[in-house]
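Here the structure comes first, spelled out in structure tokens, and everything after it is commentary.
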Amino acid sequence: QQQVKQSPQSLIVQKGGISIINCAYENTAFDYFPWYQQFPGKGPALLIAIRPDVSEKKEGRFTISFNKSAKQFSLHIMDSQPGDSATYFCAASKGNTPLVFGKGTRLSVIA
Amino acid sequence: DAMVIQNPRYQVTQFGKPVTLSCSQTLNHNVMYWYQQKSSQAPKLLFHYYDKDFNNEADTPDNFQSRRPNTSFCFLDIRSPGLGDAAMYLCATSSPVGLNEKLFFGSGTQLSVL
């Protein structure tokens, strides 16, 4: 049973375009929703995170949109750059329990 | 200024030959995790320590064991590696506030089983 479903599996975006990655979750008790970025040969690193008391959080070119009623959240990368090419994982957790990760999206930004 | 250090980066072992992966941290975090990540898949939590309290995930095979002799070090022991255990093994830590705070990952150990 996959608790966090992520799509698409892979994404190709032109430089300067908007990258959008979506996640859906099942457990309404989840109260923390981070996105992690992973470059080849490296461990994931926290990119941005949101809690369900807000519908949107923006940090630079990265924005999380959160829809509690639909149990969905998404990552938007504005003005995508080749350096953004990486694998992105959404995740979720409830209370004091470990994160559950989505399966990841491999983003390629081409010039 | 590496904060979560995993050694070695690449490890090759033989089928059935015990292997130990190591992780150290300079963050003084009290929570440490071991994840298994296979190609193009999400990291899968094997177990975690909250201080010395060991928490094993229900579906972690008995073949995987862990030791945490002190705050800074954590080890993953695979007693009899099978071909299906070939994967990237990631160590992570998190701040004392709680389990769902920011995770700091090491660069991982890529395990090959021949």
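Dipole of chain B (Lys/Arg Cβ +1, Asp/Glu Cβ -1, origin at the Cα centre): which of B:Phe54, B:Ser107, B:Asn28 lies farthest to the positive side?
B:Ser107
Normalised by the residues of the range B:49-107, what does the relative contact order come to in percent, with Cα pairs under 8 Å and at least six apart?
Numbers: 46 pairs, mean separation 11.7, N = 59.
With pairs under 8 Å counted, the relative contact order is 20 percent.
Based only on Cα atoms, what mean projected area does the convex hull of the protein assembly as shown have, in nm²?
About 12.5 nm², averaged over all directions.
Largest first, please: the extent of the C-alpha atoms of the range A:1-47 along each principal axis, to the nearest Å.
Ordered largest first, the range A:1-47 gives principal extents of 37, 22, 19 Å.
How big is D for chain B, in µm² s⁻¹ as a whole number, if Stokes-Einstein is applied with the Kirkwood radius of its Cα pairs at 10 °C and 1.306 mPa s?
Once the numbers are plugged in, D ends up at 113 µm²/s.
In square nanometres and to one decimal, what's the mean projected area of the convex hull around the Cα atoms of the range A:18-74?
Approximately 4.5 nm², given one-decimal rounding.
About the Cα centre, and with charges only on the beta carbon of Lys, Arg (+1) and Asp, Glu (-1), how big is the dipole of chain A? Nearest 20 debye, please. Before the final figure, lay out the partial values.
Values: 12 positive and 7 negative charges, 29 e Å.
Dipole magnitude for chain A comes out near 140 debye.
Taking a point 7 angstrom from the Cα of A:Thr97 along the C-beta vector, which residues in the range B:1-41 have backbone N less than 20 Å away?
B:31-36
Separation of the range B:1-62 and the range A:7-64 by C-alpha centroid, Å?
24
Report Rg(Cα)/(2.2 N^0.38 Å) for chain A, keeping two decimals.
1.01
Could you list which residues have their amide H under 5 Å from that of B:Ala87, counting only those 5 or more apart in sequence or on another chain, with H placed in the peptide plane?
Amide H neighbours of B:Ala87: B:Leu111.
Taking springs between alpha-carbon atoms closer than 10 angstrom, which of B:Pro43, B:Pro81, B:Pro61 fluctuates most in the Gaussian network model of chain B?
Evaluated over chain B, the most mobile residue of the options is B:Pro61.
Once you charge only the Cβ atoms, +1 for Lys and Arg and -1 for Asp and Glu, what is the size of the charge dipole of the range B:37-114 about its Cα centre, to the nearest 20 debye?
Here the size comes out at about 180 debye.
Summing Lys, Arg as +1 and Asp, Glu as -1, what charge do residues with Cβ under 15 Å from the Cβ of A:Gly17 carry, A:Gly17 excluded?
With Lys, Arg at +1 and Asp, Glu at -1, the neighbours total 0.
Length gain on complete extension for the stretch B:Ser95 to B:Gln41, per 0.36 nm per residue less the alpha carbon to alpha carbon distance?
Values: separation 54, 0.36 × 54 = 19.44 nm, distance 2.54 nm.
Length gained, B:Ser95 through B:Gln41: 16.9 nm.
Under unit Cβ charges (Lys, Arg +1; Asp, Glu -1), what dipole magnitude, rounded to 20 debye, does the protein assembly as shown have relative to its Cα centre?
The dipole magnitude comes to about 320 debye.
All of the numbers you see were taken from the coordinates with simple rules; none came from a lab. Remember, it's a predicted structure, so these values are computed and weren't measured experimentally. In this analysis, Cβ positions are derived from the backbone assuming ideal geometry, glycine residues included, and neighbour counts consider all displayed protein chains.
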